[in-house]
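*Asks:* Take this structure, written in structure tokens, and hold onto it; I'll ask about it next.
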Amino acid sequence: MVQSLWNSSQASERKSTLEQLVYRSNLIGTDRSVCNWGGGNTSAKTTIQDFRGREVEVMYVKGSGSDLATMKAHNFTGLRMEDIRPLFEREEMSDEDMVAYLANCMIDAKHPRASIETLLHAFLPFKHVDHTHPDAIISLCCAHNGKKIAKEIFGERFVWVPYIRPGFKLSKMIAQGVLDHPQAELVLMEKHGLVTWGDTSEAAYAKTIEIIQEAESYIKACQEEKKAFGGVKYKALTLEERRSMVSQIMPSVRGAVSDEKKMILTFDDAEDVLEFVNGQDSAALSQIGAACPDHLVHTKMKPLYVDWTPDMEDVEGLKVKLAEGIATYKEQYQAYFERNRHEGDVRFEAAPRVILIPGIGMINTGKSWSNAQVSGALYHRAIAVMRGATALGEFVSLSENESY
């Protein structure tokens, strides 16, 4: 279960609104079951003196390219609210126009570029806003019956927003939903995540944790009634056998995925990974799609699930299966790109980022060791989401075009 990490004595040392925001953000990012690596965003609205000595209302919001767990004050972007509020009256705005407009609202040109989800925070009439991707909440938002289950958990306290791409339209939909539903305490974003708020940094954080705990408790009760991933299909090889197999297959895997760009590989056989790769339903589940839009950059839309029956004596057979699987994956990825491409789009390497092998575990690929590690960390989150969503109903994901 997610637990509150708030420490009043530590929090009291942070005197300014921005320092409190940094503290809250770091706590949220520390628990990856609350927020993905690099994902989510937080904000706080306050009043400061500008360079002319005038009192101006400013919103500090997580800038692009940072991670909540480790970000500092300089990773936030300060924006003048008097410049942003009029945007709510607009009917539509392209991403390009929005980014250009927000650049002119910044109080300091040295601040990072504002996030695509900045207006989600600005349009909500609350001082402190958190947008996170908790495993339990995404399990709910990625279940085919998620909205119905949400009513059982939260009653009339939530606003449900159907999936659309992050940007101006989504931000306005969320704000309008909250305005139309003044008793709301949270927003559930279909196939995406959670939005919560509070009058203080502590209150906002407490609400985020409280809502996640409610969802976790409900899902835990459902999980006790179902076998995870349809029950066990394969038996894991022993630790010694797994490591021996991996040492024999990794060189050929690295060669197969490095045809377009040299890749680094990591291996993971944690308990949750083994439970998933050995599941009765896991082959089909793994191909439905990403558990969260934020995963796509590092995991792609789907992993490669290798159709192989664990057998310590079948190293060569596994090598063949891997070679064939990687080749087919690349062909299918190229076709996916061609079906959805727009003029000017550039395809990155077609090789899989996540390779799942029954009885053995997960291989992750990346252009660096850290990228491969992030790919693996995010797939742990995907496994948790699929486990939760299938306890509630059927796991659903973004469409192919939405993923692209």
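*Asks:* Which ranges mark the helices (runs of 4 or more DSSP H) fully within segment 6-120 that have 2 or more residues being charged (D, E, K, R)?
*Replies:* The qualifying helices (runs of 4 or more DSSP H) are 17-30, 81-84, 95-103.
*Asks:* Checking the structure you have, find out if any residue of segment 75-85 is β-branched (Val, Ile, Thr), buried (at least 16 other Cβ atoms within 10 Å of the Cβ), modelled with pLDDT of 95 or more and under 25 Å from the mean Cα position of the chain (by Cα).
*Replies:* Yes: one or more hits.
*Asks:* State whether one or more residues within segment 289-312 are touching a His at 6+ places or on another chain (Cβ under 8 Å) and either assigned to a helix (DSSP H, G or I) or closer than 17 Å to residue 243 by Cα (or both).
*Replies:* Of all residues in segment 289-312, those touching a His at 6+ places or on another chain (Cβ under 8 Å) come to 292-294.
Going one step further and asking which of them are either assigned to a helix (DSSP H, G or I) or closer than 17 Å to residue 243 by Cα (or both), we end up with 293-294.
There is at least one residue in segment 289-312 that is touching a His at 6+ places or on another chain (Cβ under 8 Å) and either assigned to a helix (DSSP H, G or I) or closer than 17 Å to residue 243 by Cα (or both).
*Asks:* For residue 340, only one of the following conditions fails: (1) of a type outside the set (Val, Ile, Thr); (2) surrounded by fewer than 19 Cβ atoms within 10 Å (Cβ to Cβ); (3) in contact with a helix residue (DSSP H, G or I) (Cβ under 6 Å, 6 or more places away or on another chain); (4) within 18 Å of residue 281 (Cα to Cα). What is its number?
*Replies:* Condition not satisfied by residue 340: (4).
Conditions tested, residue by residue: (1) outside the structural domain of residue 122 (by TED's automatic domain parsing); (2) without any contact (Cβ under 8 Å) to a residue 12 or more places away in the chain; (3) closer than 30 Å to residue 219 by Cβ.
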residue: 2; (1), (2), (3): yes, no, yes
residue: 12; (1), (2), (3): no, yes, no
residue: 28; (1), (2), (3): no, no, yes
residue: 36; (1), (2), (3): no, no, yes
residue: 63; (1), (2), (3): no, no, no
residue: 85; (1), (2), (3): no, no, no
residue: 92; (1), (2), (3): no, no, no
residue: 96; (1), (2), (3): no, yes, no
residue: 104; (1), (2), (3): no, no, no
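*Asks:* Can I ask one more? Taking the stated definitions as given, is residue 33 hydroxyl-bearing (Ser, Thr, Tyr) and closer than 29 Å to residue 167 by Cα?
*Replies:* Yes: the conditions hold for residue 33.
*Asks:* How many residues are small (Gly, Ala, Ser), more than 18 Å from residue 166 (Cβ to Cβ), touching a Lys or Arg at 6+ places or on another chain (Cβ under 9 Å) and buried (at least 18 other Cβ atoms within 10 Å of the Cβ) if we restrict to segment 389-404? Before you say what the answer is, go through the steps one by one.
*Replies:* Of segment 389-404, the ones small (Gly, Ala, Ser) are 389, 391, 393, 397, 399, 403.
Checking the rest, the ones that are also more than 18 Å from residue 166 (Cβ to Cβ) come to 389, 391, 393.
From the residues that got through so far, the ones that are touching a Lys or Arg at 6+ places or on another chain (Cβ under 9 Å) too are 391, 393.
Then keep just the ones that are buried (at least 18 other Cβ atoms within 10 Å of the Cβ); that gives 391.
Number satisfying all stated conditions: 1.
*Asks:* Confirm whether residue 296 is closer than 24 Å to residue 229 by Cα, touching a residue at least 24 places away in the same chain (Cβ under 8 Å) and out of contact with any helix residue (DSSP H, G or I) (no Cβ under 8 Å at 6 or more places or on another chain). Quick ask: steps written out before the conclusion?
*Replies:* On the way: closer than 24 Å to residue 229 by Cα: yes; touching a residue at least 24 places away in the same chain (Cβ under 8 Å): yes; out of contact with any helix residue (DSSP H, G or I) (no Cβ under 8 Å at 6 or more places or on another chain): no.
No: the conditions fail for residue 296.
*Asks:* With the structure loaded, tell me whether residue 304 is among the hydrophobic types (A, V, I, L, M, F, W, C), within 22 Å of residue 349 (Cβ to Cβ) and either in the same structural domain as residue 137 (by TED's automatic domain parsing) or touching a Phe, Trp or Tyr at 6+ places or on another chain (Cβ under 6 Å) (or both) or whether it fails that test.
*Replies:* So residue 304 passes the test.
*Asks:* Return yes or no: is residue 42 closer than 25 Å to residue 290 by Cβ, among the β-branched types (Val, Ile, Thr) and crowded, with 20+ Cβ neighbours inside 10 Å?
*Replies:* So residue 42 passes the test.
*Asks:* Looking for something β-branched (Val, Ile, Thr) and part of a helix (DSSP H, G or I) - is there at least one such residue anywhere in segment 340-349?
*Replies:* Looking for residues that are β-branched (Val, Ile, Thr) and part of a helix (DSSP H, G or I), one finds none in segment 340-349, hence no.
*Asks:* Every residue in segment 247-275 that is more than 30 Å from residue 390 (Cα to Cα) and either at pLDDT below 95 or within 29 Å of the chain's Cα centre (by Cα) (or both), please.
*Replies:* 250, 253, 254, 256, 257, 258, 259, 260, 261, 262, 263, 264
*Asks:* Next question, about the same structure. Any idea how many residues of segment 276-295 are of a type in the set (Asp, Glu) and more than 21 Å from residue 140 (Cβ to Cβ)?
*Replies:* Count: 0.
*Asks:* Being assigned to a helix (DSSP H, G or I) and either hydrophobic (A, V, I, L, M, F, W, C) or within 12 Å of residue 172 (Cβ to Cβ) (or both) is the filter here; which residues of segment 121-131 pass it?
*Replies:* 122, 123
*Asks:* What is the residue count in segment 86-100 for residues that are closer than 24 Å to residue 52 by Cβ and buried (at least 17 other Cβ atoms within 10 Å of the Cβ)?
*Replies:* 1
The values are calculated or read from the model by the stated rules, or taken from the named source; none is laboratory data. Since the structure is predicted, the reported quantities are computational estimates derived from the model, not experimental observations. Positions of Cβ are generated from backbone atoms using ideal geometry, with glycine treated the same way; all protein chains shown enter the neighbour counts.
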